[in-house]
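A.B. asks: Quick one: the structure is below, questions incoming.
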Amino acid sequence: MPILTAVVSSFNSFALHPGSQGNIWYMKETPFYLRVGHLLPYSMSDSNTTDYTNPSTFILLGIPGLEMAHVWISIPFCSMYVIAVLGNFSILCIVKMTPILHEPMCYFLCMLAVTDLALSTSILPKMLSIFWFNSREIDFSACLTQMYFIHCFSAVESGILAAMALDRYVAICHPLRHSTILTNPVVAKIGLAVLLRSSILVLPNPFLVRRCPYYRTSIIPHTYCEHIAVVKLACTDISANNYFGLSLAFFITGLDVAFITVSYIQILRAVLGLPTKDAQLKTFGTCSSHLCVILTFYIPALFSILTHRFGHNVALHFHVLSANVYLLVPPMLNPIIYGMRTKQIRDSLLRLFTHIGT
């Protein structure tokens, strides 16, 4: 997730230079700009090398070191986005048109589909404009807005996964009370609470970035306005950003992961208490789609975090690629997972395609 990766990246900088001030924060970035400046239409000579106030625009480099391959790299990214859009819109249409799917789990799935569409759309159009049209400029306010939406929708997705874990817990541990506990108003309130929690907690993030009075350059070595990539350009102490990122990681991702873990511990206890092996497998099979979605969401983020934490010798373009993958892969895979593993959705998809074909 962007929140966790930003926290780890900024914490590494903070740990390496405790009590650092001013330009000492940026010593390890300078060789990169010197190295790629001659490859790009934008270099340090194009932007002021001295400190200056908040720039009106930033310049996104795309994937540093792979500029010549931008067009080819855009093909898989564009394909993932098209699949994500078609798949998530299909989920929304199928749930709306199929009365049997009007249940809490499918409502949460629709929330997840909308979140995935918003998350992938927040980065793909600008990324493709960089790859295809060399349109690297992004307005300062637009950069902060993109940063906010990326973190906000990532937090919303984490919260929806926790809500889905609650649904699975009630369905397996209290099956007779499932329809009375998770009523439509309750599901709507849960979705609203997840949205409000994410939007409010993430809101200070862009303001903390805006408060940075000076930037040493307007060049961002990334395809989108990643929080830590922007903050590292500021000529000021960024410890407040670090501490706020740590608090976000705890109050959003940490609590969601803890809630999901506790829910599945209770689910396993209930499943293992069933009399037969077939009953155990069949009951736990209802959680398989949700477990796969959890893995596709958290594993790429964990991989990116580990590369930031331990991969000090890893090329910068690899960090950028991994940061894009963990934002694009879950929106692409989530509708495929639920379409393949949920019988009701799979049957509805087959009926829909059969009807279109005839």
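The values are calculated or read from the model by the stated rules, or taken from the named source; none is laboratory data. Computed from a prediction, not measured in an experiment: that's the story for all the values here. Reconstructed Cβ throughout: ideal geometry from the backbone, glycine too, with neighbour counts over all protein chains shown.
A.B. asks: Out of all the residues in segment 288-330, which are out of contact with any Asp or Glu (no Cβ under 7 Å at 6 or more places or on another chain) and over 24 Å from G65 (Cβ atoms)?
C.D. replies: The answer is S288, S289, H290, L291, C292, V293, I294, L295, T296, Y298, I299, L302.
A.B. asks: From C143, C110, C106, C152, grab the single residue that is at pLDDT 90 or above, more than 20 Å from the chain's Cα centre (by Cα) and either assigned to a helix (DSSP H, G or I) or farther than 25 Å from R197 by Cα (or both).
C.D. replies: Exactly one of C143, C110, C106, C152 is at pLDDT 90 or above, more than 20 Å from the chain's Cα centre (by Cα) and either assigned to a helix (DSSP H, G or I) or farther than 25 Å from R197 by Cα (or both), namely C106.
A.B. asks: Another question, if that's okay. Cβ-Cβ under 6 Å, sequence separation 6+ or interchain: first residue in segment 66-77 and more than 12 Å from N134 (Cβ to Cβ), partner at pLDDT below 90. Which pairs?
C.D. replies: Cβ pairs passing all conditions: L66/H317.
A.B. asks: Hey, another quick one. Applying the selection to segment 199-254, what residues are assigned to a loop (DSSP other than H, G, I, E, B) and of a type in the set (S, T, N, Q)?
C.D. replies: Passing the criteria: T217, S218, T223, T236.
A.B. asks: Name the pairs: first residue in segment 171-188 and touching a residue at least 12 places away in the same chain (Cβ under 8 Å), second residue outside any helix (DSSP H, G or I) and surrounded by 12 or more Cβ atoms within 10 Å (Cβ to Cβ), Cβ to Cβ under 8 Å, at least 6 apart or on different chains?
C.D. replies: Here the result reads A171/T286; I172/T286; I172/C287, each pair linking segment 171-188 to a residue that is outside any helix (DSSP H, G or I) and surrounded by 12 or more Cβ atoms within 10 Å (Cβ to Cβ).
A.B. asks: Right, another one. Here is a list: D116, D167. Which entry is surrounded by 21 or more Cβ atoms within 10 Å (Cβ to Cβ) and more than 12 Å from P331 (Cβ to Cβ)?
C.D. replies: On the way: D116 fails: more than 12 Å from P331 (Cβ to Cβ).
Only one candidate qualifies: D167.
A.B. asks: Based on what the data block shows, is I260 at pLDDT 85 or above and either in contact with a Pro (Cβ under 8 Å, 6 or more places away or on another chain) or more than 14 Å from M147 (Cα to Cα) (or both)?
C.D. replies: Values: at pLDDT 85 or above: yes; either in contact with a Pro (Cβ under 8 Å, 6 or more places away or on another chain) or more than 14 Å from M147 (Cα to Cα) (or both): yes.
The answer is yes for I260.
A.B. asks: Here is a follow-up. In this structure, is V271 under 19 Å from V329 (Cβ atoms), surrounded by 12 or more Cβ atoms within 10 Å (Cβ to Cβ) and among the aliphatic types (A, V, I, L, M)?
C.D. replies: no
A.B. asks: Okay, next question. Of the residues in segment 82-94, how many are crowded, with 21+ Cβ neighbours inside 10 Å and β-branched (V, I, T)?
C.D. replies: 2
A.B. asks: Sticking with this one: Please list, ordered by first then second residue, the pairs with beta carbon atoms under 6 Å, 6 or more apart or interchain, first in segment 273-288 and within 11 Å of I172 (Cα to Cα) and touching a residue at least 40 places away in the same chain (Cβ under 8 Å), second basic (K, R) and surrounded by 12 or more Cβ atoms within 10 Å (Cβ to Cβ).
C.D. replies: C287/R168
A.B. asks: Please verify whether F284 is loosely packed, with under 15 Cβ neighbours inside 10 Å and under 21 Å from A165 (Cβ atoms), treating the condition exactly as stated.
C.D. replies: Criteria not met by F284.
A.B. asks: While we're on this one: If I filter segment 132-151 for residues that are in contact (Cβ under 8 Å) with a residue 24 or more places away in the chain, over 19 Å from A229 (Cα atoms) and crowded, with 23+ Cβ neighbours inside 10 Å, do I get at least one hit?
C.D. replies: Scanning segment 132-151, I find no residue that is in contact (Cβ under 8 Å) with a residue 24 or more places away in the chain, over 19 Å from A229 (Cα atoms) and crowded, with 23+ Cβ neighbours inside 10 Å, so the answer is no.
A.B. asks: Any idea which of (1) loosely packed, with under 15 Cβ neighbours inside 10 Å; (2) in a loop (DSSP other than H, G, I, E, B) is the one L306 doesn't satisfy?
C.D. replies: (2)
A.B. asks: Among the numbered conditions (1) under 22 Å from S198 (Cβ atoms); (2) under 19 Å from the mean Cα position of the chain (by Cα); (3) surrounded by 15 or more Cβ atoms within 10 Å (Cβ to Cβ), tell me where Y243 comes up short.
C.D. replies: Every listed condition holds for Y243 apart from (2).
A.B. asks: Right, another one. Of everything in segment 29-63, what is more than 21 Å from the chain's Cα centre (by Cα), surrounded by 13 or more Cβ atoms within 10 Å (Cβ to Cβ), at pLDDT 50 or above and assigned to a loop (DSSP other than H, G, I, E, B)? Give them in sequence order.
C.D. replies: Residues satisfying the conditions are N54, P55.
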